[in-house]
């Protein structure tokens with residue numbers, strides 16, 4: 001699903017964000033990626049979504065070798081990766097239904113499919129009764145669930161969540177991670193969640209990759225500890 | 001692309017115009033002004049060309065015929081000159097007619113020419129379509145060899161040609177400048193629209209929208225702005241050109257009425273102007289949209 005081999009990434013200003021990083025994530029896994037600010041987490045996400053290319057090394061995601069991916073194939077690749085952001089990135093002028101439908105419209109799905117599929121996805125994130133509400137009328141947790149629904153609507157095999165709990169209350173954070181874990185087990189979607197909240201990782205446990213100073217300094221399973 | 005997607009994208013394009021209505025109105029206004037000036041440039045240029053042609057048609061080449069040339073040879077020469085492609089008219093003036101003309105020109109002092117009846121030569125007064133291209137005529141005159149002198153208003157012909165070339169050059173420069181100004185103005189409007197929707201564009205890219213899917217609403221926005229501006233400019237041109245024509249027609253100035261007689265008719269050029277305006281508005285709108293979006297599609 002994700003395969004990084006000896007990846008180094010150097011910014012134009014000379015700063016080395018990733019140093020010879022190698023990792024693999026198999027289909028159906030749920031992985032936490034942790035690390036302090038500037039450790040290289042965001043750079044790794046940029047590489048995984050093909051926002052940028054590695055300085056050296058090989059990045060393969062969902063079978064696409066991103067270093068050799070032609071520009072015309074980029075939309076096809078991006079349809080295979082769902083993205084969830086810390087700041088939700090919802091469209092303020094659209095209601096919940098249209099925000100979720102947006103990703104389907106963009107990917108050329110028919111109106112008929114949209115009418116039936118969006119309520120299903122909203123039910124999955126437990127927002128079926130808020131379809132006509134606008135983002136400003138929702139709590140942070142609800143907005144993030146809309147963002148997750150939008151990412152899921154196109155049924156991507158991989159979901160990448162960049163600090164999805166960063167802008168919401170701690171209680172709601174657990175609900176969001178719980179939702180992501182449920183999607184992972186019920187839908188089989190591979191999920192990579194980047195976070196700096198170590199207590200959330202400890203609470204749920206599971207495979208955790210720690211990045212510090214552009215290198216992987218831990219890659220293993222952390223035991224579940226349901227106390228915060 | 002599916003029909004529902006095309007419908008959705010068209011709706012989005014029209015929505016953009018409404019959301020950025022202030023900038024849209026400004027763009028329509030400026031593009032209309034540019035197209036209006038363009039329309040006037042085309043019409044005035046056509047009118048000046050028509051006037052130049054009229055003046056050219058009025059200018060005569062005079063060929064003074066030698067006294068020893070027979071009537072038969074003169075008739076042959078008349079037929080040969082009229083067969084020339086560039087020649088539009090020929091008047092043969094006999095020696096007698098030439099004398100009477102001169103006498104008439106002197107009015108009550110005509111008696112001064114008494115006894116000079118045989119002095120004035122017979123002539124051909126020839127009008128041509130294009131004064132700058134009389135080489136064929138010259139060659140023919142040399143070949144026929146019936147004249148003792150020839151009067152060609154070459155300086156005047158050159159001046160007319162220079163004026164016509166200057167008008168054409170000015171029209172081309174004005175049209176290019178107006179197109180550039182229009183593209184810049186509409187680009188800025190679309191850029192404002194693109195900036196307001198940058199989050200949407202970012203999300204579109206992230207969920208796998210193709211570049212064309214992102215472009216289409218903005219292209220529709222640009223095209224609609226262009227077409228509205230074209231319609232408005234044509235209406236204004238129709239109204240103002242009719243007013244201008246009327247005021248020139250009523251003028252006492254011989255120059256203005258002369259110009260009026262040769263003014264290009266908007267009725268005749270209507271199809272051409274509508275085509276120029278519609279294609280100009282459309283192309284300007286579409287080019288502006290494509291230029292404005294370029295940097296946002298690179299991600």
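Going through A:105, A:89, A:112 one at a time, which residue ends up being free of Cβ contacts under 8 Å to residues at least 60 places away in the same chain, closer than 24 Å to residue A:168 by Cα and at the interface with chain B (Cβ under 9 Å from one of its Cβ atoms)? Before you say what the answer is, go through the steps one by one.
On the way: A:105 fails: closer than 24 Å to residue A:168 by Cα; A:112 fails: closer than 24 Å to residue A:168 by Cα.
Within the list A:105, A:89, A:112, the selection yields A:89.
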*Among the candidates A:97, A:32, residue that is closer than 21 Å to residue A:165 by Cβ, buried (at least 17 other Cβ atoms within 10 Å of the Cβ), modelled with pLDDT of 90 or more and away from chain B (no Cβ under 13 Å)*: A:32
*Which of the residues belonging to the stretch B:153-210 are touching a residue at least 60 places away in the same chain (Cβ under 8 Å), within 14 Å of chain A (Cβ to nearest Cβ) and surrounded by fewer than 18 Cβ atoms within 10 Å (Cβ to Cβ)?*
B:196, B:198, B:202
*Considering only the stretch A:50-87, state which residues are in contact with a strand residue (DSSP E or B) (Cβ under 7 Å, 6 or more places away or on another chain) and assigned to a loop (DSSP other than H, G, I, E, B).*
A:54, A:55, A:62, A:66, A:67, A:80, A:85, A:86
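The values are calculated or read from the model by the stated rules, or taken from the named source; none is laboratory data. Computed from a predicted structure; not experimentally measured. Cβ atoms come from the backbone with ideal geometry, glycine included; neighbour counts cover every protein chain shown.
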